[in-house]
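The structure appears right after this line, and notes come after that.
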Amino acid sequence: DEIGLIPCPEARYNRSPIVLVENKLGVESWCVKFLLPYVHNRLLLYRQRKQWLNKDELIDITCTLLLLNPDFTTAWNVRKELILSGTLNPLKDLHLGKLALTKFPKSPETWIHRRWVLQQLIQENSLPSLATKGNLGAAPMERIHRLVQEEMNVCSEAAGRYPSNYNAWSHRIWVLQHLAKLTVKVLLDELSSTKYWVSMHVSDHSGFHYRQFLLNSLIRRTVTDSNILVQNRMVNEQNPSLQKGEESAGTEAACAEEQSVDLPRHLEEEMELCSELIDNYPGHETLWCHSDETLNNSHHSPAASPMAQAMDVDGLNESSSKQGYTQETKRLKRAPVQDSLGPEMEYRFVDKVLSTCRDVDQARFATAYRKWLVTFLGQ
Amino acid sequence: MHVGGEVDVRSAYCAASVASLTNIMTPTLFAGTAEWIARCQNWEGGIGGVPGMEAHGGYTFCGVAALVILKQEHLLNLRSLLHWVTGRQMRFEGGFQGRCNKLVDGCYSFWQAGLLPLLHRALHARGDPALSMAHWMFDQLALQEYILLCCQCPAGGLLDKPGKSRDFYHTCYCLSGLAIAQHFGSGDLHNEVVLGIPENCLQATHPVYNIAPEKVARAVMHFLQYPVPSLDPA
């Protein structure tokens, strides 16, 4: 379940350089300079059609290559061909990738190939012949759910192995968008399961960005769902004789459930988390950024001002991707400000930090935050 | 980036760069591209690899430069972008970081600092009276200090930060960043700001294509002689 290089500049004993201990694979470093060029060359000769390799050899060689250098695109591409021709089980590549990531947690090509494999699996999943495939032997929804959970694990591990692992967190977002379809359940689950992790990695901007992504997606979801509800009601009012299909009833039920997402509470919890971390770990710019943006969201999200939902929809959709430090006075005037988060609370918090902190950076961030509060809240 | 490969903002820049220099831009080639790039700008103000991703110096440069080529910079929130990129210059080191709360890296001397000439131009086109006529909106001398004092390998070549080894990528982008930091504007408005001896001064680089401005002019002139190829079979 893990691979690594054992620093061993010379072959001391006449024995294999492969070491397997408790399910962890090690390779003594002296052999790499012989092994890598050898397998690399064999693959290139195959590609140039100068030397044939059968399917099993290809699988072995590419596997070896990728564990030594997972950014070797050609090797991944050979495996793509094997998968497309039905000779290689795509799940094997998910496992290979996972292994490679234990040593190379950033490897861009590994993540890219992983997304290709997942896309193949999604397509397979939508085919009715799935029942006969017997790959996982489970119902399609459950299969997807398991894949998603596994991906969350892989991302989490990789994120822990390299600080601010952009590729790992980007992949995590991609999986939610394309496999999990950004359902409220998965968003909330992820929010709670990453809470501990980010508290242990307070400088990990990517981790906190992920939480912003989750919160933003929840906001957008709430808006869309309330639109669907409104539309459904309008349709039903106009056509009372129209039988509610299973689908629309299902959507309504889902919407009703999702309408109960207490967005203000989640945003408030996020602010509390931020404040707590800022207090405990002075001087981390990421935490202040996160605080800014969460506050921004809580004042501008329609969930914070339920009466203004219909009006805010367009504004939010168009500007949500460009939220930042700029004041957007139109929006400020339009949405009634909910005081559930209390600007006074934020002022008190910042002033407390300023008066008690001894870290220079913390003081600087706090001062900037206070200036921002003044302009932003206009008070 | 290639057939069957990943999709991100870099390929938009590569395509726009190549197409504009070789005069093969057709109306349909970049249909929707500018809007897609704009969606890559996020709440931080910078631009990510694809919509939804974290803001990142490399991707931000690619996105903005592509939009400049497509003449659609106004689709971005330029103020939040300016706020984000200026926040990426490190107050102690003088160099730039790629993302919030990360370490300085010599290559961002180009990816990040290179955004300021592009922003300057875009804001100037809007007639912003507060724009300087002599300096970019970042500390040009501090960046030069970082590059010259911290990013040089004694054996030649440049690098990410002290302790790292040299490579061509960092050599290229440290030098490109140095050129950006030394030269403001062009033509009548050209202002040189050179740290150290005059011999430190590099040739200016084109802020969009990162090749010599004369080369850009020559390429464009050359390819304008040929008609835009059409996709219809002959």
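The values are calculated or read from the model by the stated rules, or taken from the named source; none is laboratory data. In this text, all values refer to a predicted model and were calculated from it rather than measured experimentally. Note: ideal-geometry Cβ built from the backbone for every residue, glycine included; neighbour counts use all protein chains shown.
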Practice item. Name, by its number, the condition in (1) within 14 Å of chain A (Cβ to nearest Cβ); (2) at negative phi that does not hold for B:Ile69. Key: (1)
Check your understanding: Would you call B:Leu119 at pLDDT 95 or above and closer than 20 Å to B:His83 by Cα?
Key -> yes
Practice item. Kindly indicate whether B:Ser132 is at pLDDT below 95 and either out of contact with any Leu (no Cβ under 8 Å at 6 or more places or on another chain) or closer than 18 Å to B:Asn210 by Cβ (or both). Key: yes
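In the stretch B:49-63, is there at least one residue being within 14 Å of another protein chain (Cβ to nearest Cβ), closer than 30 Å to B:Gln225 by Cα and touching a residue at least 24 places away in the same chain (Cβ under 8 Å)?
Yes: one or more hits.
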Study note, to complete from the structure: Log entry, pairs with first residue in the stretch B:205-226 being on the phi > 0 side of the Ramachandran plot, second being of a type in the set (Gly, Ala, Ser), beta carbons closer than 9 Å, six or more apart or on different chains, reads B:Asn210/B:Ala65; B:Asn210/B:Gly114; B:Asn210/B:Ser176; B:Asn210/B:Ala179
Review point. Would you pick out the residues in the stretch B:80-89 that are facing chain A (nearest Cβ under 10 Å) and touching a residue at least 24 places away in the same chain (Cβ under 8 Å)?
Key: B:Ser80, B:Leu81, B:Leu82, B:His83, B:Trp84
Review point. Taking interchain pairs and intrachain pairs at least six residues apart, which have beta carbon atoms under 9 angstrom, with the first residue in the stretch A:195-215 and without any contact (Cβ under 8 Å) to a residue 12 or more places away in the chain and the second surrounded by fewer than 23 Cβ atoms within 10 Å (Cβ to Cβ) and in a helix (DSSP H, G or I)?
Key: A:Met200/A:Gly160
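Does the stretch B:99-120 contain any residue that is among the aliphatic types (A, V, I, L, M), part of a helix (DSSP H, G or I) and more than 16 Å from B:Ser176 (Cβ to Cβ)? Give the derivation first.
Residues of the stretch B:99-120 among the aliphatic types (A, V, I, L, M): B:103-104, B:113, B:115-116, B:118-119.
When the remaining residues are screened for being part of a helix (DSSP H, G or I), the result is B:115-116, B:118-119.
Of the ones still in play, those that are also more than 16 Å from B:Ser176 (Cβ to Cβ) are B:119.
Yes, there is a match, as at least one residue in the stretch B:99-120 is among the aliphatic types (A, V, I, L, M), part of a helix (DSSP H, G or I) and more than 16 Å from B:Ser176 (Cβ to Cβ).
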Study note, to complete from the structure: Filter the stretch B:25-48 for residues that are surrounded by fewer than 24 Cβ atoms within 10 Å (Cβ to Cβ) and not in a loop (DSSP other than H, G, I, E, B); the one that is farthest from the other protein chains (Cβ to nearest Cβ) is B:Thr33
